[in-house]
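Down below is the structure, laid out as structure tokens.
The values are calculated or read from the model by the stated rules, or taken from the named source; none is laboratory data. Given the structure is predicted, the values throughout are model-derived calculations rather than measurements. A quick note on method: Cβ atoms are made from the backbone with ideal geometry, for glycine too, and the neighbour counts reach across all protein chains shown. With ligands, DNA and RNA removed, areas are computed over all heavy atoms of the protein, side chains included. Shrake-Rupley method; radii C 1.70, N 1.55, O 1.52, S 1.80 Å.
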Amino acid sequence: FDGGAGVRIVKTRTTSVGTQFNNDGSFTPLSVGNDYTNVLPSVNIRARFTDQFQMRFAYSKGVARPNFDVLSTNVTLQNPNQVDPSNGLPFANSGNPYLRPIKSDNLDLTAEWYFAPTGSLTAGLFYKSVNGFLSSGRFIGTYGGRSYNVNSSVNSGDGTVKGLEAGYQQFFDFLPGLLNGLGVQANYTYVDSNVENPFSS
């Protein structure tokens, strides 16, 4: 057996500068900050059963930050007389500088058989538990002392990504002449994913 373990601590600090476009034609400059810290451990273990066959196990935490375009602070306030009958609030459109990164816990298990000096057959299982997928949604924001239904990008609920993959490759170095070194490489991946979106209708 051999392997390794480690941890990364990542501090992220963002500032988003934009404009609030009021429904009377005026505008107001905006500046919004956000910061968060992520602790990201990882473990990798390899078991070598023979010189030709080995298995690997890996666990890690990961994050993916939102793109800059969805973090935009620009806000457009709509007609205050057009309200949502469910809560009596008018509407606004905006980016969302308060978005959290997408977080995942990742598990991988692989088996590798090197049946020839130039050939291998591999198979693997993977599972990812994901939190904070981005989706279209709505939150209540306050601008100029008034609350609005803000249409924006939001972090949705939990989700999973799981599946399997297999690969085969071999060079036929036993063939004569110009055919020597002809090879085949093939792979297959199956993925099944789902996510809870509390903002979907």
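Among residues of the stretch 18-40 being surrounded by 13 or more Cβ atoms within 10 Å (Cβ to Cβ) and not polar (S, T, N, Q), the one that is farthest from residue 57 (Cα to Cα) is 27.
In the stretch 52-84, the qualifying residues are those that are free of Cβ contacts under 8 Å to residues at least 60 places away in the same chain and open to solvent by 80 Å² or more (accessible area, probe 1.4 Å), and the one that is nearest to residue 7 (Cα to Cα) is 57. Scan the stretch 85-124 for residues that are farther than 30 Å from residue 135 by Cβ and touching a residue at least 60 places away in the same chain (Cβ under 8 Å) and the total you get is 4. Criterion applied to 31, 72, 16 was being hydroxyl-bearing (Ser, Thr, Tyr) and within 30 Å of residue 193 (Cα to Cα), and the one residue passing it is 72. A count restricted to the stretch 104-129 and to residues that are surrounded by 16 or more Cβ atoms within 10 Å (Cβ to Cβ) and modelled with pLDDT under 95 stands at 1. The residues on offer are 135, 153, 104, and the sole one that is in contact with a helix residue (DSSP H, G or I) (Cβ under 6 Å, 6 or more places away or on another chain) and within 17 Å of residue 65 (Cβ to Cβ) is 153. Among the residues of the stretch 27-70, those that are part of a strand (DSSP E or B) and among the charged types (D, E, K, R) comprise 35, 46, 48, 56, 61. Residues that are surrounded by 14 or more Cβ atoms within 10 Å (Cβ to Cβ), within 19 Å of the chain's Cα centre (by Cα), under 30 Å from residue 111 (Cα atoms) and of a type in the set (Gly, Ala, Ser) within the stretch 135-193 comprise 159, 163, listed in sequence order. Flag: residue 3 does not match the condition of being within 22 Å of residue 96 (Cα to Cα) and either assigned to a strand (DSSP E or B) or in contact with a helix residue (DSSP H, G or I) (Cβ under 9 Å, 6 or more places away or on another chain) (or both). Taking the numbered list (1) under 18 Å from residue 155 (Cα atoms); (2) at pLDDT below 95; (3) in contact with a strand residue (DSSP E or B) (Cβ under 8 Å, 6 or more places away or on another chain) in turn, residue 38 passes all entries but (2).
Scanning the stretch 90-99 for residues that are part of a loop (DSSP other than H, G, I, E, B) and either surrounded by fewer than 17 Cβ atoms within 10 Å (Cβ to Cβ) or among the hydroxyl-bearing types (Ser, Thr, Tyr) (or both) yields one hit, 98.
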